[in-house]
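Only one structure is covered here, and it is reproduced in the block below.
The values are calculated or read from the model by the stated rules, or taken from the named source; none is laboratory data. Values in this document were obtained by computation on a predicted structure and should not be read as measured data. Because the Cβ atoms are built from the backbone with ideal geometry, glycine has one as well, and the counts that use them run over all protein chains shown. To get the accessible areas, we keep the full protein, side chains included, count just its heavy atoms, and leave off ligands, DNA and RNA. Shrake-Rupley method; radii C 1.70, N 1.55, O 1.52, S 1.80 Å.
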Amino acid sequence: MPNKASYRPGDPTLLRAGMRCKKKKKKKKKGKKKQPQSKMYHRNSSSRMPKGFVALFLSSLWILPSLVVSQGCSNRCPPLNYGTPVPALCEGDAIDTFANTVKEYDVCHGEGSNKFSMSSLRGKIVVLANFYTGCNAGRRESGVFAHVAQRIWEEKNNRDKIVFVQSVKGGGTCNQWADLYQRDAQRLYPNTGVVPDEMPWSVSDQNYELRDDFFTTPFGHPSYVIIDETGVVRHKFIGPCCGYERYSDCTVGIAKGLDQQLTDYLEPLLDSWEPSSSNNNGNSNNDDDDTDDNNNTPTPPLIPDDCSTIARNSASWSDWSPCSIRCGDTDGIQFQYTTEETTCEASVRLRACEAEEDDCDDDNGCIDEFGSSYTIDTIVSDLQAPRDVDFHPTPGLHLGEYSEGREFSHGDEEAWIVNRANHSISIVVDVGGDDQTTISRRDRGYYHYMVDGTALSFNKVSDSGRNPTRDSFNYWAICNDNNNDYIGTKEPNYFMGPTLYDSRPQNRNVVNRLGQECGIEEECYFLHSDMLHEAPSCLGIVHDPEVSTAHGTVYWAFDATGNRRRGQLVRFDFQQPHGPGSMDHSVAAVRRYVEVELDRDNDDDDDDDSGYSEGDNQGGDDENEEDEEDSAVNSSEEEEDFYEEEESEDDDFDADEELEEQGMDWDDMEEQAKRDDRAHRRKHDNMDDDAYAARRGGSSSKRRGSSSQAPKPKKQRRNVAMALAGKTRTRR
């Protein structure tokens, strides 16, 4: 039984423990030691809680979050996210005011069409279904929907009036699930003669494009939208099985309620339907169409009888891509792909290729990576272990002309630099100009959302054609290399990944230390727009400039969880960012490509780096920027050769000569070794030197060492010099 010291008001676990304790007191035996008094729980207390209050309080703890966080199975539109309405298509809205109506969708199942756009269906009634293959409720309703779609389409000459489309996503192939839904329909409605071959059209919605346009989260699923022939939403509703956790919980009788609901909604619309001049039958089912259409043949089985005719047919493969290199003697890579859905061969094939030109020079359009010659100038210093840089697509958007009591004059370029050591972003205004200045800014909760940053990337696609209310142009994401230990204050739980930000200062994207809108004289902090948690050791990130998804929040990351060197490629689609102030990170899609193995070329543990450099190309036509992030300038072969050279006993490496070339002596090398040692400790403890020493009961000054320490043995000093040479080589 909890006592006063252990009780925390509002803790449901302790409340339940107290209730169980009361029941046990009825069987108290004589001589048993008296329990400690507690006004909250003791039956004889004068301030005893009213009967039933605890149970009511407990139930409210479960009910309240559901009202605040999610709208569940409600038909409310626009849907609410933490009490805030989310822009969405609702009943009475014209679809072209919100959705991308010209985008074409591929049909994987359903005869008579192989692709369509919503604009091509103008003049027809369109019924859209939103299914997720991992949802038992949707799987239960999908068979009913397939039966209703085929039955109504066949009735009363409706073929020119209506089209049924289902959005399929969540794993497996579109054909697999469409076949499954068709079989379910025949089991649910035996002996009816209705076989859903033509309807519904099934669309593989793995990028959630149909869902984001017509069923904007947090509107639940399974769900349905009915659009009339003029392109106006007439009905939008949740299916009857929504909320049932197990497949069997939603009985056949409950699932078939969808049949009656769709019938009641569609009959009046079909009766009042009138032909329209905008009716486009080019992509619809048409019995008079004598065109030979591949989709008029039965869907092939999941494992073809003759794999070679399906997967290896030359007509089913794309042309080989251009070689990945244009000049030089290094082998490149070509690829080709197939859209055939088969389990007998991978859908992408690779082969080695050679460049068309042996030499890389200006005549064949190729130059060395930094030009034939270049100089490196330091444009900003006093950084804290800089790891990456990207240039803001709209200089001046974030800071404006005045922020944190400072005036800013913006030029053509604005650099954002990741500082790993102090978990911040350095914003360099007017790079290289007369008004260049730097301001540092970080997340208010940097210990989780912006900790040990390694890379960042902006969305620079300004002309995506997306709905302006959903376009993520000027957003940026940061990659964090941390196992979520809150800078050494708790046990790591690996609940980490990239964080998404909106660089516009409005709408609480920037706040003060209290989390309120930041005033022009106050110190400001970033407030994140979304976060995903599947890559704790993220070493690199880049934005995908695709224009297919509704928001454009797709990023590719290098996750090296494990040994922090070798890792895998991960695709993060934040999909619909929850926005500042919300904590709902559930709307997203993460794909890990385990077959794509990545390896970092160089070690980035040198936390003493403090400058960002700009390369000035003098021998070519390009101007290049160089940052401190690990690069692939040195190939793995060069790195291997370097370490082979280090291990050789008869090589001619001269440590003194190398140090002299770098402008260093042995004392400088000793100090460099100490800095590397401190950096290594900070990396594992995620704290500065003083915090590190305090945690261990010592002083930071003792940890730093002094120049009076005995020099390292000659062989060890030589190895350190070799390592320094390697780092210098990497940056050249």
*How high is the FRET efficiency between K460 and N191 when r is their beta carbon distance and R₀ equals 41 Å, given to the nearest 0.05?*
0.10
*asked:* Greater than 23 Å separation of Cα atoms is the criterion. Which listed pairs, K169/K236; K115/K256; K103/K169, meet it?
replied: K115/K256
*asked:* Can you compute the FRET efficiency between E401 and D359 using 1/(1 + (r/R0)^6), with r the Cβ-Cβ distance and R0 = 30 Å? Round to the nearest 0.05.
replied: 0.05
*Heads up, I need the accessible area for C90: 1.4 angstrom probe, whole protein in place, Å², nearest 10.*
20
*Show C108, C538 ordered by accessible area, largest first, where the area counts protein heavy atoms only and the probe is 1.4 Å.*
C108, C538
*Rank-order 394-407, 121-134, 556-569 by packing density, defined as the average count of other C-beta atoms within 10 Å over each peptide's residues, highest first.*
121-134, 556-569, 394-407
*Pull out the extension gain between Y593 and N157, defined as 0.36 nm times the separation in residues minus the alpha carbon to alpha carbon distance; nm, one decimal.*
152.2 nm
*Please label the shape of the stretch 461-516 as rounded, prolate or oblate, based on the square roots a ≥ b ≥ c of the eigenvalues of the alpha-carbon gyration tensor (a/c under 1.5 means rounded; beyond that, a/b larger than b/c means prolate, else oblate).*
oblate
*How far, in nm, would the chain grow between S117 and C327 when pulled straight, counting 0.36 nm per residue and subtracting the alpha carbon separation?*
71.4 nm
_Cα gyration tensor category, rounded, prolate or oblate, for the stretch 420-487 with a/c compared to 1.5_ = oblate
*Bins of 10 Å, starting at 0 and running to the largest distance - Cα pair percent for the stretch 366-501*: 11, 33, 34, 18, 4, 0
*Show the residues, 5+ positions off or on another chain, whose built amide H is closer than 5 Å to the amide H of S529.*
L500, Y501, D502
_Derived scalar couplings ³J(HN,Hα) [the stretch 246-258; Karplus, 6.51 cos²θ - 1.76 cosθ + 1.60; whole Hz; x for Gly, Pro]_ = 9, 4, 6, 5, 8, 5, 4, x, 5, 4, 6, x, 4
*Classify the stretch 104-169 as rounded, prolate or oblate, taking a ≥ b ≥ c as the square roots of the eigenvalues of its Cα gyration tensor: rounded when a/c is under 1.5, otherwise prolate if a/b is larger than b/c and oblate if not.*
oblate
*Ranked order, D160, D228, D249 - accessible area, probe 1.4 Å, largest first*: D160, D249, D228
*Computed over the stretch 379-430: relative contact order in percent, which uses C-alpha pairs under 8 Å that are six or more apart*: 41
*Gap in Å between the Cα centre of the stretch 84-105 and the Cα centre of the stretch 520-586?*
26
_Kirkwood hydrodynamic radius over Cα pairs of the stretch 84-230, then Stokes diffusion coefficient at 4 °C and 1.567 mPa s, in µm²/s_ = 84
